[in-house]
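Taking it in order: structure first as structure tokens, then the write-up.
Just so it is clear, none of the values below were taken in a lab; they were calculated from the coordinates. None of the values given here were measured: they were computed from a predicted structure. Quick reminder, even Gly has a Cβ in these numbers, built from the backbone with ideal geometry, and neighbours come from all protein chains shown.
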Amino acid sequence: MKLSFVIPAWNEEELLGATIKSIQQSAKEFEYEIIVADDASDDRTAEIAAELGSIVVRCDNRQIGLTRNDGAAVATGDLLIFVDADTIVSEVVVQETLKAIKEGAVAGGSFPTFEGNIPIFAKVMTPILRIMFRLLRVAAGAYMFCTPDSFEKAGRFDSKFFAAEEVHLSNKLHKFGKYKTINSRVITSSRKFRTHSSLEIMTTLFLVSIPKIRDIKKRKNLWYGSRK
């Protein structure tokens with residue numbers, strides 16, 4: 001089975017290299033490709049990706065879902081694995097992912113561990129969200145996988161959503177087979193907690209929890225804004 005790792009990236013020169021290297025180390029026993037969908041970065045993101053042997057797809061979306069779609073469009077693998085550019089993937093995560101697919105899952109994910117110190121509200125909310133995501137069988141954006149067939153049948157990431165697009169895709173994928181949240185956890189950056197206030201993050205979480213909400217374009221600065 002060939003694995004296609006798709007990494008959406010905008011101005012990720014600081015963290016992208018570590019993400020790519022973690023995938024290379026974790027997937028070394030398998031056939032794989034790494035695709036970096038560069039969403040009009042103005043730093044060395046594309047150059048770093050190419051230097052590390054990744055396939056670079058150029059796009060200009062300012063929308064992470066569409067950028068993931070652009071990366072997936074050139075994938076040639078038997079399994080799509082979407083990894084955020086600030087996320088470290090371990091060998092056991094890859095092994096559990098393949099085990100889930102071999103046991104009949106068509107999609108799944110890994111709820112992340114956040115690196116470094118995070119605010120108290122995040123420490124309280126993270127375990128609750130982890131349980132909710134597992135019970136609801138939905139993915140967190142840092143790491144999500146699905147078969148190409150189910151991805152196409154589900155209509156890819158919906159362009160209507162500027163946040164929680166992986167949650168909406170997860171719900172669509174339920175129609176086409178088993179969904180599995182693996183036990184192993186990727187490690188992702190806590191920079192959103194360092195950059196944005198608790199109020200900003202909680203407001204976004206509240207908005208995306210409302211069924212069928214669409215108009216949160218103004219909050220895309222959580223993904224395409226300044227970072228700390």
- Query: In a shell of Cβ-Cβ distance under 13 Å around residue 152, excluding residue 152 itself, what net charge do Lys and Arg (+1) and Asp and Glu (-1) give?
  - Reply: +3
- Can you spot the aspartates and glutamates whose alpha carbon is less than 12 Å from residue 178's alpha carbon? Ignore those fewer than 8 places along the same chain. 103
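Excluding residue 178 itself, calculate the net charge of residues whose Cβ lies under 12 Å from the Cβ of residue 178, where each Lys or Arg counts +1 and each Asp or Glu counts -1. Spell out each step's value before the answer.
On the way: positive: 102, 137, 175, 180; negative: 103.
With Lys, Arg at +1 and Asp, Glu at -1, the neighbours total +3.
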- Query: Residue by residue, what Karplus-based ³J(HN,Hα) values in Hz, rounded to whole numbers, does the stretch 177-185 have, using 6.51, -1.76 and 1.60 with θ = phi - 60° and x for Gly and Pro?
  - Reply: x, 6, 10, 10, 8, 6, 6, 5, 10
- Message: Can you tell me which aspartates and glutamates have their Cα less than 18 Å from the Cα of residue 160? Leave out same-chain residues fewer than eight positions away.
- Response: 39, 60, 70, 152, 215
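In a shell of Cβ-Cβ distance under 11 Å around residue 23, excluding residue 23 itself, what net charge do Lys and Arg (+1) and Asp and Glu (-1) give?
Counting the neighbours of residue 23, the net charge comes to 0.
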- For residue 123, which aspartates and glutamates qualify as cross-link partners when the Cα separation must be under 12 Å and same-chain residues fewer than eight apart are set aside? 115
- What residues have an amide H closer than 5 Å to that of residue 113, excluding those fewer than 5 places away on the same chain, when H is modeled at 1.01 Å from N in the peptide plane? 186, 187, 188
